[in-house]
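Just passing along the structure, written as structure tokens.
The values are calculated or read from the model by the stated rules, or taken from the named source; none is laboratory data. In this text, all values refer to a predicted model and were calculated from it rather than measured experimentally. Cβ atoms come from the backbone with ideal geometry, glycine included; neighbour counts cover every protein chain shown. Note: areas computed on protein heavy atoms with side chains; ligands, DNA, RNA excluded. Shrake-Rupley method; radii C 1.70, N 1.55, O 1.52, S 1.80 Å.
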Amino acid sequence: MLFQQIDLEIAEREAWVLRRQRGIPNNRRLFVLACMDERLPVNQALGIRDGDAHVFRNAGGLVTDDVIRSAMLTTNFFGTKEIIIVNHTECGMMLASGEYLTAALREKGIDPDNVTIDPALPELKLPGGTFPKWIRTFTDVDEICLRQIELLRSCPLIPRDVEIHGYIWEVESMSLRRPGVRLSEKVNTAKQMGARG
């Protein structure tokens, strides 16, 4: 009957809206840290849907103070048991050094050594000369992915029983791989097999 279908839809919507109040975790008990790049389709890459995970995106998919804050909340208070980090090839954070970005900001009239980095905490400022390090550019996506795993695993605010994994989204092949494992380097080629002739 129609009223049963309507009541079911209302109950499902109510459960969705009130899930935090009822202590319902996200569907997969999953926290995802990924780069903000629009070429990284997080849901498609991981095979997840809305409601499956808490997803945090920032430039580079890097562990920052705000990532720690969010990961701490979801793992300690929202039932999350797994963290997945997704970095990607051709990341914009690989295009320039922190020193270059610092100089570019200065050319725009912004002094990175004299800015508040959190508007809610005006007393929180970077020590002089540390902006290039804070911006966190990198040159090797595989290395940076492994480093993010290590940073989260060593953080005392993340429970030890939380599983932490990292993957690389290859923009060029539109697929995930493990850091440091490039399948294209393992395919059967004459060079790898030793030329026979």
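Look at G61 and say whether it is at positive phi and touching a Pro at 6+ places or on another chain (Cβ under 9 Å). Full working, then the answer.
Numbers: at positive phi: yes; touching a Pro at 6+ places or on another chain (Cβ under 9 Å): no.
No, not satisfied.
Against the conditions (1) over 20 Å from the mean Cα position of the chain (by Cα); (2) closer than 29 Å to R160 by Cα; (3) of a type outside the set (A, V, I, L, M), where does E9 fall short? Just the number, please.
Unmet for E9, out of (1) over 20 Å from the mean Cα position of the chain (by Cα); (2) closer than 29 Å to R160 by Cα; (3) of a type outside the set (A, V, I, L, M): (2).
Can you name every residue in the stretch 1-24 that is open to solvent by less than 80 Å² (accessible area, probe 1.4 Å) and within 15 Å of G51 (Cα to Cα)?
A15, L18, R19, G23, I24
Quick check on this structure: which one of N27, N58, N43 is among the polar types (S, T, N, Q), modelled with pLDDT of 95 or more and more than 27 Å from I117 (Cα to Cα)? So that I can check it myself, show each step before the final result.
Working: N27 fails: modelled with pLDDT of 95 or more; N58 fails: more than 27 Å from I117 (Cα to Cα).
The unique qualifying residue is N43.
Within the stretch 25-52, count every residue that is more than 23 Å from T139 (Cα to Cα), small (G, A, S) and under 12 Å from the mean Cα position of the chain (by Cα).
First, the residues of the stretch 25-52 that are more than 23 Å from T139 (Cα to Cα): 25-31, 43-44, 46-52.
Imposing the further condition that a residue be small (G, A, S) reduces the set to 47, 51.
Those still in the list that are under 12 Å from the mean Cα position of the chain (by Cα) too: none.
Adding up the residues that qualify gives 0.
Would you confirm whether any residue within the stretch 177-197 is within 20 Å of the chain's Cα centre (by Cα), at pLDDT 95 or above, of a type in the set (A, V, I, L, M, F, W, C) and not in a helix (DSSP H, G or I)?
No, the stretch 177-197 contains no residue that is within 20 Å of the chain's Cα centre (by Cα), at pLDDT 95 or above, of a type in the set (A, V, I, L, M, F, W, C) and not in a helix (DSSP H, G or I).
Also, quick follow-up: What is the residue count in the stretch 42-82 for residues that are touching a strand residue (DSSP E or B) at 6+ places or on another chain (Cβ under 9 Å), acidic (D, E) and farther than 17 Å from M93 by Cβ?
Result for the stretch 42-82: 2.
Next up: Against the condition farther than 19 Å from R153 by Cβ and free of Cβ contacts under 8 Å to residues at least 12 places away in the same chain, how does A11 come out, does it pass?
Working: farther than 19 Å from R153 by Cβ: yes; free of Cβ contacts under 8 Å to residues at least 12 places away in the same chain: yes.
So A11 fits the description; yes.
Just for strands (runs of 3 or more DSSP E) wholly inside the stretch 29-118: which have at least 1 residues that are aromatic (F, W, Y) and surrounded by 13 or more Cβ atoms within 10 Å (Cβ to Cβ)? Don't jump to the end; show me each part of the working.
Numbers: elements: 30-35, 53-58, 82-88.
In the stretch 29-118, the matching strands (runs of 3 or more DSSP E) lie at 30-35, 53-58.
Turning to a different aspect of this structure: Find all pairs meeting these conditions: Cβ atoms under 6 angstrom apart; at least six residues apart or on different chains; first residue within the stretch 159-172 and at negative phi; second residue open to solvent by 100 Å² or more (accessible area, probe 1.4 Å).
Final answer for the pair search is I164/R153; V171/E90.
Ok, one more. Given the options A34, A120, A103, name the one that is in contact (Cβ under 8 Å) with a residue 40 or more places away in the chain and of a type outside the set (K, R). Full working, then the answer.
Values: A120 fails: in contact (Cβ under 8 Å) with a residue 40 or more places away in the chain; A103 fails: in contact (Cβ under 8 Å) with a residue 40 or more places away in the chain.
Testing whether each residue is in contact (Cβ under 8 Å) with a residue 40 or more places away in the chain and of a type outside the set (K, R) leaves just A34.
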